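Any read-out appearing in this document is the output of simple, stated calculations on the displayed coordinates, not a laboratory observation. In this text, all values refer to a predicted model and were calculated from it rather than measured experimentally. Glycine gets a Cβ as well: all are built from the backbone with ideal geometry, and neighbour counts include every protein chain shown.
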Amino acid sequence: MRVGNILSIIIATLLAVLFLVLFPFIFTAIILGIPLSAIRPKFSFLAGLLIGFFTPLALYLQYPLSSVLELSTRLSEIIGIPSILIIILYPLVYGILAGLSAFFFSIIISSLKNRSK
């Protein structure tokens with residue numbers, strides 16, 4: 001693996017942690033695709049998916065389990081789906097958004113590079 005690829009993965013991971021702590025909105029996953037655009041499209045999708053999925057799960061471990069369950073119970077009352085499904089869905093949707101945005105940004109960057117040649 002090239003140094004640039006490793007650096008872009010590290011930057012995307014740090015951005016994911018920063019955004020999830022400061023701005024816990026699911027659409028911040030789109031910004032993770034910008035540093036991952038340096039990687040080839042299929043690998044950028046995989047990197048975005050894994051970073052986006054495991055970062056919220058790692059942050060769940062920092063909070064007491066009772067607080068996470070209480071928050072998911074309140075959200076489940078509002079939305080109408082089981083609370084355990086909310087705990088699972090957030091990292092899954094965050095990972096899919098991060099993977100797709102990384103994939104699309106990577107395709108855009110690679111097509112711009114090919115056009116300039």
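For L46 and L89, calculate 0.36 nm times their separation in residues minus their Cα-Cα distance, and state this gained length in nm to one decimal. Can you show the working numbers first?
Details: separation 43, 0.36 × 43 = 15.48 nm, distance 1.80 nm.
Stretched out fully, the L46 to L89 stretch lengthens by 13.7 nm.
Here the extension length gained between V21 and K113 equals 29.7 nm, from 0.36 nm per residue of separation less the Cα-Cα distance. Each Cα pair under 8 Å and six or more residues apart adds its sequence gap; the mean of these over the residue count of the chain is a relative contact order of 38 percent. Among the listed values [x] 15.2, 50; [y] 16.9, 53; [z] 15.9, 56, the one matching Rg and Dmax of the Cα atoms in Å as calculated from this structure is [z]. The sum of -39500 (n - 2.57) across all DSSP H runs of n ≥ 4, divided by the residue count of the chain, sets its helix-only mean residue ellipticity at 222 nm to -27000 deg cm²/dmol. Of the peptides 97-105, 30-38, 15-23, the order by per-residue mean of other Cβ atoms within 10 Å, starting with the highest, comes out as 97-105, 30-38, 15-23. Once you charge only the Cβ atoms, +1 for Lys and Arg and -1 for Asp and Glu, what is the size of the charge dipole of the chain about its Cα centre, to the nearest 20 debye? For this selection, approximately 760 debye.
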